[in-house]
Amino acid sequence: MKTIRKAIPADLPVVNSLLEQVLAVHHRGRPDLFRSSGKKYTDKELLDIFANPDTPVFLYEEDGAVLGYAFCAVKQSSANNLVPVRTLYVDDLCVDAQSRGKHVGKALFGHVKAYAEGIGCHNVTLHVWECNPGARAFYDAMGMTPQYTSMELRLTE
C-alpha cells in the first residue's frame, strides 16, 4: 500500500538516512560548499521540525518502507515592497536512490502542491542546485519555472 503522511519521531532513522543521500549528491557536485559527511539537522532539530505545523515533513511510504520525503515550510512575505503572499517553500525533496524512476517524487510533489492549495498558498517555491541536473529536470517536468536566479562568482577553487 502506498501512502503519504507526516513524519513522526519514530521516522528519525530513515529521515537521517535520506538526508545523508542528499548530502552525498550535493558534496559530489559542490565539494567546496558541502561536506562529505555530517548532518543538516540534529535529531532535536528534526523533532522540532516534525512537531511544528509550519514545517511539515511529508513521507512517501510503500508497504511500510519510507521511500522519500519532502521538507516544507510555510512562509509569508513581509517586505514593504512586496504583495503579502503565503508560500509553501520546499526545503528538501529526496527519493531513496533505489526508488528513483518509480514516480515517488512526482507523488510527493503532487501532495505538496495539493497541501499548499489547501492552506491557501499563492505558490510553491524551492531552490535547486545547478550541480544537480537530475533535480532540475524533475522540477521542470513538474511545471516549475524560475522565479529568480541566484548567481555567484567563485573566488577560490
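The values are calculated or read from the model by the stated rules, or taken from the named source; none is laboratory data. From a predicted model like this one, the values you see are computed outputs, not experimental measurements. All Cβ positions, even for glycine, are placed from backbone atoms using ideal geometry, and neighbour counts span all protein chains on display. For the accessible areas, the whole protein counts, side chains as well, though only heavy atoms, and no ligand, DNA or RNA atoms are used. Shrake-Rupley method; radii C 1.70, N 1.55, O 1.52, S 1.80 Å.
Just wondering, is there one or more residues in region 71-93 that are in contact with a Phe, Trp or Tyr (Cβ under 6 Å, 6 or more places away or on another chain) and within 14 Å of Val22 (Cβ to Cβ)? Break it down into steps so the answer makes sense when it comes.
Here is the first cut: in region 71-93, the ones in contact with a Phe, Trp or Tyr (Cβ under 6 Å, 6 or more places away or on another chain) are 73, 75, 91-92.
From the residues that got through so far, the ones that are within 14 Å of Val22 (Cβ to Cβ) too are 91-92.
Looking through region 71-93, at least one residue is in contact with a Phe, Trp or Tyr (Cβ under 6 Å, 6 or more places away or on another chain) and within 14 Å of Val22 (Cβ to Cβ).
Search region 80-92 for residues being without any contact (Cβ under 8 Å) to a residue 60 or more places away in the chain and charged (D, E, K, R), and hand back the single one that is most open to solvent (accessible area, probe 1.4 Å). Spell out the reasoning first.
To start, the set of residues in region 80-92 that are without any contact (Cβ under 8 Å) to a residue 60 or more places away in the chain comprises 80-91.
Adding the requirement that they be charged (D, E, K, R) leaves 86, 91.
Working: Arg86: 85, Asp91: 53 Å².
Here the residue is Arg86.
Which one of these does Lys2 not meet: (1) over 20 Å from Phe109 (Cβ atoms); (2) open to solvent by 60 Å² or more (accessible area, probe 1.4 Å)?
Against the list (1) over 20 Å from Phe109 (Cβ atoms); (2) open to solvent by 60 Å² or more (accessible area, probe 1.4 Å), Lys2 comes up short only on (1).
Between residues in region 47-63 that are farther than 18 Å from Pro13 by Cβ and residues that are open to solvent by 60 Å² or more (accessible area, probe 1.4 Å) and among the basic types (Lys, Arg), which pairs lie under 8 Å by C-beta distance while being six or more apart or on different chains?
Short answer, once both residue conditions are applied: Pro56/Lys6.
Can you report the number of residues in region 93-122 which are crowded, with 18+ Cβ neighbours inside 10 Å, touching a residue at least 60 places away in the same chain (Cβ under 8 Å) and touching a helix residue (DSSP H, G or I) at 6+ places or on another chain (Cβ under 8 Å)?
2
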